[in-house]
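Only one structure is covered here, and it is reproduced in the block below.
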Amino acid sequence: MIIFRKIIFLFSFVILGLGLTAQVVLPEYAIAKVKGDEILVRWEPETPQEWRSGMKSGYTVEVLEKRNGQGNFTPLSKNVVKPIPNNQWDAFVPKEDEIKMEYFDAIRGIMITDPKQVQAELGENIEGGDNIEAVDSFLLSAIVYATSFDFTFCELSGLGYKFKIEKGKEYQIKVYPTQKGASSARTMTLNPAEGKIPNVPRLEAEWGDLRVKLKWETKEHKPDFLGYFLELSEDNKEFIPTGNVPYINMWDMEPNVEDSVPLEIEDTLKKNYVTYWYKLKGLDYFGDRTKHGTIISGYGYEKIPIIPLVNESDQTPDNKALIKWSFDKRYERLVKEFIVIRADSLTGEFEDALVGLPPTAREALIPMEHNSNYFRVLCIPKDGKAMSSVPVFIMGQDTIAPATPEVLEWDMDSSGVASIKWMSNIESDFWGYKIFRSNNRTNEFTLITPKPTRDTVFLDTVNINTLTDSIYYQVISLDKRNNRSEFTDIIAIPKPDIRPPVTPMLNSITFENDTIQVTWTVSPSHDVVRYELYRKWMDEEKSWTLLAEKDTSENLVYYDVDYENKSQYAYLVVAIDDADLVSPPSKPKTVFTKSNKPQQVFKDIRVEVDKRKKEARIVWEFKDPSVIENIVVYKGPAEDKTSMLDVIDPKPNELVIDDMKKGEELFFYFHPSLNNGDSAKFSDLIKVELR
């Protein structure tokens, strides 16, 4: 019966309190650490059935090794670990440590006790105690928890193993129930040279009257520590443990709690105004405490049991807040100062309005900055946290208008959505903005936002299919007393140009002195930036060709001299505005050319040289062979020394020059004669060379 009481005493506050089951103690099912020249390995059975089986058939521990960073792991050892027989446990009794002896007795009792007997004695104290599996799960959690206080307990229970290590080697450890085989192994890899000392959590303290509340975070440190010990010192030299049982955060063992719940411990102090030092040390899962720890110091102090009581708050004629409060004179000795803080709303952020008031002060006179003023009187003690009075409200006077909004940018998109952006006002009593609009700069502006807006970007949709080119806006700012700023400068936002310019009109087309003269009138649209003149040769072309571009500063006349004789040409003109919108084309006008100007009749002339035969051929092609009567050929050794050579028939469209010498150069001109009475142009200079 004694063993059952120990189980309840030692484990119920950790395990029964949370209704925990197996694998809630260790951070992983198998863990290992380097200690001196050894590696300690321990594991936690996944189920009560595995645990009971392991007590009989044991756990196999395979150790493999390799030189740091070299090759693959090779087997070092393979051992089956089982619990030590009960009759050998007496040699391991930790007689020097009463707490460990309690855990030792409990572990030993669990190892030899029938779960059904535990169920009969303690079933009503175990969650689900009417189920034998729940009882066995409780016993497993209890033994894993208890063996965490001394690694020897792990070895005795058949849940731990250690082996010697060598410098410069890495190790791989595999642990698995012998009955299940290696396929269920839990594998760990350790490099002793890369071992890191885990950090102990940062210790926080809240000092009070003959007491201190200590707090630290544990969840992120759960992989390293099961629990913690506190040590106390009065000289920051000699530290004495505050207890022999570790502090354990049970919430870290609860799998359904994701948020971190700090561990809080309250300790009593012998005296106020005496400095004490607390050191926090970690307890790992192998029963070892850290040599290092985090330290915090402070002292207890007498607390002020009252707060300032504001009994008068009013507005003075010069717009100041008069605040009076009462405070028990007996506690002035504990007061450092009084501070008055202020906000523009009850839920707003309070800021210092008046600081440094002596402990004897009982009133304050403060200029008011807001329409609505909320004040608190803070008592700042020499030690501890500030204590605040209940907030009081005082209405202030305000005749100062907020700053005029500073407009940053504006624009309008192609769909007619206008946007305006301005700098945000920073006045504490700022209320919002109002926006006004007009279709004409000189007309009255109309309010389009009846309720103030605090946004600094305004969007407005306007009709862009109107005759006006721009839309006009002004913005003002207001405070909570309805004081209004000056209007911004007028914001003129151009509307997007979606209407093409009005069509210009062709004025006249004349053919005189072998030149076609085209003139046209300007488009009445004011945003025209250029004109484009197009031509089409009615006898040959199907599409229009851009002939000329003229901007609005040029004369709207064009002289066309590049044409074919006895041909009909059509012309049209379009206007383009500053948005690259093109007007409808003007109505085309035509003209017929008849000129005595020599005509270009050649379509192509080329030279073909045959070096092997030492000859060259001049080959030509006419635009209209039917009008060619003959060709007068001019030849010479230089381009300015040619003379008539012959009159030849235009067919067979080539002239052969033979017996040429290497390096010889000859120059030719061809002048066709026409059978229709018109004159033809000379050909371009033809150069023949045999290289």
Matching residues, segment 631-650, being in a strand (DSSP E or B), open to solvent by 40 Å² or more (accessible area, probe 1.4 Å) and either among the acidic types (Asp, Glu) or under 22 Å from Lys603 (Cα atoms) (or both): Tyr634, Lys635, Asp646, Val647
Count of segment 293-320 residues which are open to solvent by 70 Å² or more (accessible area, probe 1.4 Å) and either farther than 18 Å from Ala205 by Cβ or not in a strand (DSSP E or B) (or both): 10
Unmet requirement for Met250, which otherwise passes all of (1) of a type in the set (A, V, I, L, M); (2) open to solvent by less than 30 Å² (accessible area, probe 1.4 Å); (3) under 30 Å from Glu155 (Cβ atoms): (2)
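Applying the selection to segment 505-529, what residues are part of a strand (DSSP E or B) and over 13 Å from Val557 (Cα atoms)? Show your work before the answer.
Taking segment 505-529 first, the residues part of a strand (DSSP E or B) are 506-512, 515-520, 528-529.
Selection gives Phe511, Glu512, Val528, Val529.
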Filtered residue count, segment 362-397, keeping only those that are in a strand (DSSP E or B), surrounded by fewer than 17 Cβ atoms within 10 Å (Cβ to Cβ) and not aliphatic (A, V, I, L, M): 4
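Can you tell which of Leu26, Leu40 is in a strand (DSSP E or B), modelled with pLDDT of 70 or more and closer than 20 Å to His221 by Cα?
Going through Leu26, Leu40 in turn, the sole match is Leu40.
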Considering residues of segment 407-417 that are assigned to a strand (DSSP E or B) and not acidic (Asp, Glu) only, the residue surrounded by the most Cβ atoms within 10 Å (Cβ to Cβ): Met412
Residue list for segment 651-673, restricted to those being of a type in the set (Asp, Glu) and in a strand (DSSP E or B): Glu654, Glu665
All positions within segment 73-105 that are assigned to a strand (DSSP E or B) and open to solvent by 50 Å² or more (accessible area, probe 1.4 Å): Thr74, Pro75, Leu76, Lys78, Asn79, Val80
Residue within segment 282-291 that is touching a residue at least 60 places away in the same chain (Cβ under 8 Å), over 30 Å from Ile39 (Cβ atoms) and surrounded by 14 or more Cβ atoms within 10 Å (Cβ to Cβ) present: no
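Every residue, every condition in (1) open to solvent by less than 90 Å² (accessible area, probe 1.4 Å); (2) assigned to a strand (DSSP E or B); (3) among the β-branched types (Val, Ile, Thr), yes or no:
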| position | (1), (2), (3) |
| --- | --- |
| Thr399 | no, no, yes |
| Pro402 | yes, no, no |
| Pro405 | yes, no, no |
| Ser419 | yes, yes, no |
| Ser424 | yes, no, no |
| Lys434 | yes, yes, no |
| Arg437 | yes, yes, no |
| Leu459 | no, yes, no |
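If I filter segment 52-72 down to residues being in contact with a Phe, Trp or Tyr (Cβ under 8 Å, 6 or more places away or on another chain) and of a type outside the set (Asp, Glu), which single residue comes out as most open to solvent (accessible area, probe 1.4 Å)?
Lys66
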Subset of segment 324-361 [touching an Asp or Glu at 6+ places or on another chain (Cβ under 8 Å), surrounded by 12 or more Cβ atoms within 10 Å (Cβ to Cβ) and either on the phi > 0 side of the Ramachandran plot or not in a strand (DSSP E or B) (or both)]: Leu334, Asp344, Pro359
Test: residue in segment 54-69 that is at pLDDT 90 or above and out of contact with any strand residue (DSSP E or B) (no Cβ under 8 Å at 6 or more places or on another chain): yes
Test result for Leu357, over 38 Å from the mean Cα position of the chain (by Cα) and without any contact (Cβ under 8 Å) to a residue 24 or more places away in the chain: yes
Segment 509-518: number of residues that are open to solvent by 40 Å² or more (accessible area, probe 1.4 Å) and either among the small types (Gly, Ala, Ser) or touching a residue at least 60 places away in the same chain (Cβ under 8 Å) (or both): 3
Qualifying residue in segment 484-506 (condition: closer than 30 Å to Asn465 by Cα, open to solvent by less than 80 Å² (accessible area, probe 1.4 Å) and in contact with a Gly (Cβ under 8 Å, 6 or more places away or on another chain)): yes
Residues (part of a loop (DSSP other than H, G, I, E, B), touching a residue at least 40 places away in the same chain (Cβ under 8 Å) and open to solvent by less than 60 Å² (accessible area, probe 1.4 Å)) located in segment 461-481: Val462, Ile464
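The values are calculated or read from the model by the stated rules, or taken from the named source; none is laboratory data. This one's a predicted model, so the numbers in the text were calculated from it and none came from an experiment. Heads up, the Cβs are rebuilt from the backbone with ideal geometry, glycines too, and the neighbour counts pull from every protein chain shown. Each accessible area value is taken on the protein alone, full model and side chains, heavy atoms only, with ligands, DNA and RNA left out. Shrake-Rupley method; radii C 1.70, N 1.55, O 1.52, S 1.80 Å.
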